[in-house]
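Written out below as structure tokens is the structure these notes cover.
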Amino acid sequence: MTACPHPTKSRFTTRAAADISSRRVRLSTDIQLTPYECVCTWWHLTKNTVEVLLTADEADRADVEYVASLPDIDFREIVVADLRGQGARGERAVLRHELNLRRWRRQLGQLVADIDAQLHERKNDTSLEAHDWRKRAVNYSNTLALRLEECRRLRAVVHADAFRKKDHRRRDAEIAAAAGATVKELRQHAGEIAVGRLIDAHGSEFARYCAEEYLALGLTVPDRIERHIKDSSV
């Protein structure tokens, strides 16, 4: 666990707890405080503007697949740009897609190893320049820690979803086997029943749509559809 850079701040175990505290402060003092996750893994409140968390939904699928095909050196540049908060949200969101999560985690791990090695190499350097560099390096390391935690959470969600889908597929297969059919056949059967129920509930509307489509194709409207339309209009 990384040491908290703001140990005097109130800390909360979850964002929900921080949100509740933020609302209480707003009601009593009219001061707007925003929750943010600290490198120490706790949540704090701040008066500063906090960037809305990125999600994979903000990424274009073509961009996701393009980035996934990039060589490591180019992929690494996107990871570093994200650490600096550079680039459009959609461009940075590609890293959060499940297709890129494993690679993102690996690149973050390499960057952590690099900065740790540099900090160790210069630990005895007492020059002013080294002091300034060390402050920047520590901030960079803290951002890395936040990205690693974000990546870990996203991978956990993906893993849970995959397990849930696998369990659903297993149960569907068991039910279909018990019925002497395949899952595809049962789904087709369910669709046919649903269409029948829809026609029963909205028969006149269905007949009118059918008639319109027949006429649009230049075909004669069948008598049974004509009768249905006339009967429903009586």
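Derivation of every value follows stated rules applied to the coordinates shown; laboratory data play no part. These numbers were taken from a predicted model, which means no experiment stands behind them. Counting neighbours? That spans all protein chains shown, and the Cβs are built from the backbone with ideal geometry, glycine included.
Roughly how many debye, to the nearest 20, is the charge dipole of segment 183-233 about its Cα centre, given +1 on each Lys and Arg Cβ, -1 on each Asp and Glu Cβ, and no other charges?
Working: 7 positive and 9 negative charges, 25 e Å.
With Lys and Arg at +1 and Asp and Glu at -1, about 120 debye.
Karplus couplings for segment 148-156 from phi (6.51 cos²θ - 1.76 cosθ + 1.60, θ = phi - 60°), rounded to Hz, Gly and Pro as x?
Per-residue couplings from phi come out as 4, 5, 4, 4, 4, 5, 5, 5, 5 Hz.
Report which label in (1) 176; (2) 107; (3) 279 holds the value of volume of the Cα convex hull per residue in Å³ derived from the coordinates of this structure.
Here volume of the Cα convex hull per residue in Å³ agrees with entry (3).
For segment 172-186, what does the Karplus curve 6.51 cos²θ - 1.76 cosθ + 1.60, with θ = phi - 60°, yield as ³J(HN,Hα) per residue in whole Hz, taken in order and with x for Gly and Pro?
Karplus values, whole Hz, x for Gly and Pro: 4, 5, 5, 5, 5, 4, 5, 8, x, 9, 9, 4, 4, 5, 5.
Counting only pairs 8 or more residues apart or on different chains, how many lysine pairs in the chain have their Cα atoms under 22 Å apart? Don't jump to the answer; show the numbers that get you there.
On the way: K9/K47; K9/K135; K123/K135; K165/K184; K166/K184.
Number of lysine pairs found: 5.
Treat every Asp and Glu Cβ in the chain as -1 and every Lys and Arg Cβ as +1, leave all other atoms uncharged, and give the resulting dipole magnitude about the Cα centre to the nearest 20 debye. Numbers along the way, then the final one.
Details: 39 positive and 36 negative charges, 227 e Å.
Its charge dipole is roughly 1080 debye.
Report the Cα centroid-to-centroid distance between segment 118-159 and segment 1-55 in angstrom, as an integer.
When both Cα centres are located, 21 Å separates them.
Comparing Q118, Q107, Q188, which has the greatest mean-square fluctuation in the GNM of the chain with Cα pairs linked when under 10 Å apart?
Residue with maximal mean-square fluctuation among Q118, Q107, Q188: Q188.
If you plug each phi of segment 31-37 into the Karplus form 6.51 cos²θ - 1.76 cosθ + 1.60 with θ = phi - 60°, what whole-Hz ³J(HN,Hα) values come out, in order, with x for Gly and Pro?
9, 8, 10, 10, x, 8, 8
Springs between alpha-carbon atoms under 10 Å, Gaussian network over the chain: tell me which of R224, R96, R105 tops the mean-square fluctuations.
Comparing R224, R96, R105 in the GNM, the peak value goes to R224.
Rounded to the nearest 500, what is the 222 nm mean residue ellipticity of the chain from helices alone, with -39500 (n - 2.57) per DSSP H run of 4+ residues and division by all residues? Before the final figure, lay out the partial values.
Working: 9 runs with 156 residues, N = 234.
The helix-only estimate for the chain comes to -22500 deg cm²/dmol at 222 nm.
Two decimals, Cα atoms only, Kirkwood Rh: what is Rg/Rh over segment 183-233?
Numbers: Rg = 13.4 Å, Rh = 12.1 Å.
We get a ratio of 1.11 for segment 183-233.
Positive end of the charge dipole of segment 56-171 (Lys, Arg +1 and Asp, Glu -1 on Cβ, about the Cα centre): tell me which of V138, A68, A81 has its Cα farthest that way.
It is A68.
In degrees between 0 and 90, to the nearest 10, how far off the longest principal axis of the chain does helix 101-121 point, with axes built from Cα atoms?
The helix 101-121 is inclined about 0 degrees to the chain.
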